Amino acid sequence: MKREVFIERVLLFLALSSIGSLLLITIFIFLEGVPLIAHAGLKKFLLTSHWAPTKGHFGILAMIISSILVTLGAMVLGVPLGLACAISLAEFSPERVKTLLKPTLELLAGIPSVVYGFLGVIWLVPLIRDYLGGPGLSLLAGSVILGIMILPTIISISIDALSAVPDLYRDGSIALGATNWQTVRRVVLPAARSGIITAVILGMGRAIGETMAVIMVAGNALKIPTSVLDPVRTLTSNIALELAYATGRHREALFATGIVLFVIIMILNFTASAITRRR
């Protein structure tokens, strides 16, 4: 009994330490970034595009738009491909093939992002430059790389959601004369909808928070893009590129950028949790 109580307290301490670490990080980011937002004004900080911290200009609108566009581009590529792969493995592949391929696909999540960025610079950027025009380092390149990087998240969670649908649903649909594809499309997918939506939202959070790969392939231009071939700079890229030498208000502005990013990702995570609980 004493041993069980000891283990319970150790686990409770570990859980509270994780929550405490998150709380400390949150407090630190807000303490560092809020003074700049108060100084520049929230409206001016979020709704202007002039970023020149050494001259007192702290507008991050261009980076917010760039982050959203890169993420949306990644979702356009990653969601259909990831969902198609998940349906194929969960519903139409033999168990042996599923057992082999699912862990293999999940290994993609363990590849460092700098490797994705390097492959993008070596292969993808020259292809875009030679066949589509522009500098190659662009919104399109960033979207493609991120679309590949979010595949493990979308595939893994979607497979779990599809596998959680009771076989009774499938058997009942087939007994009524539906084909396998009709069963998947009209019965299994609606039943697994909440899990699939959660996978998409978590993949979106992964994409909007990615840094190194985007720095390497997106071009890092401080402007609102007008084409998918234009270079862009995301919120994460801006923090990573400038924090090493930033001081004073400049440093506070980067932490304020982190607050914006933090809020966006927390909204996505809470949305995913709410959808999962509701369903």
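Can you name the residue in the stretch 218-232 that is assigned to a loop (DSSP other than H, G, I, E, B) and hydrophobic (A, V, I, L, M, F, W, C) and is also nearest to Leu146 (Cα to Cα) among such residues?
Across the stretch 218-232, the extreme among qualifying residues is Ala218.
Could you check the stretch 201-221 and list, in sequence order, the residues that are in contact with an Asp or Glu (Cβ under 9 Å, 6 or more places away or on another chain) and either free of Cβ contacts under 8 Å to residues at least 24 places away in the same chain or polar (S, T, N, Q) (or both)?
Ala221
If Val165 satisfies every condition in (1) modelled with pLDDT of 90 or more; (2) under 30 Å from Met216 (Cβ atoms); (3) not in a helix (DSSP H, G or I) but one, which is the exception?
(2)
Search the stretch 117-152 for residues being touching a residue at least 60 places away in the same chain (Cβ under 8 Å) and assigned to a loop (DSSP other than H, G, I, E, B), and hand back the single one that is surrounded by the fewest Cβ atoms within 10 Å (Cβ to Cβ).
Gly133
Restricting attention to the stretch 1-48, which residues are in contact with a helix residue (DSSP H, G or I) (Cβ under 8 Å, 6 or more places away or on another chain) and loosely packed, with under 14 Cβ neighbours inside 10 Å?
Matches in the stretch 1-48: Thr26, Leu47.
Looking at the structure I just gave you, is Glu106 crowded, with 19+ Cβ neighbours inside 10 Å and either acidic (Asp, Glu) or modelled with pLDDT under 90 (or both)?
no
Across the stretch 153-200, what is the number of residues that are among the basic types (Lys, Arg), surrounded by fewer than 17 Cβ atoms within 10 Å (Cβ to Cβ) and free of Cβ contacts under 8 Å to residues at least 40 places away in the same chain?
Selection size over the stretch 153-200: 2.
Only one of Met204, Met212 is touching a helix residue (DSSP H, G or I) at 6+ places or on another chain (Cβ under 8 Å) and either more than 15 Å from Gly142 (Cβ to Cβ) or surrounded by 18 or more Cβ atoms within 10 Å (Cβ to Cβ) (or both). Can you tell me which?
From the options Met204, Met212, the qualifying one is Met204.
Any idea which residue in the stretch 59-76 is farthest from the chain's Cα centre (by Cα), counting only those that are surrounded by fewer than 19 Cβ atoms within 10 Å (Cβ to Cβ) and more than 13 Å from Ile208 (Cα to Cα)?
This residue is Leu61.
Mind checking which residues of the stretch 247-269 are modelled with pLDDT of 90 or more and outside any helix (DSSP H, G or I)?
Selection gives nothing.
For the stretch 38-61, state whether one or more residues are under 30 Å from Asn180 (Cβ atoms) and in a helix (DSSP H, G or I).
Checked against the condition, which is being under 30 Å from Asn180 (Cβ atoms) and in a helix (DSSP H, G or I), the stretch 38-61 yields no hits at all.
The values are calculated or read from the model by the stated rules, or taken from the named source; none is laboratory data. Because the structure is predicted, anything quoted here is derived from the model rather than measured. Ideal geometry is used to build each Cβ from the backbone, glycine not excepted, and the neighbour counts take in all protein chains shown.
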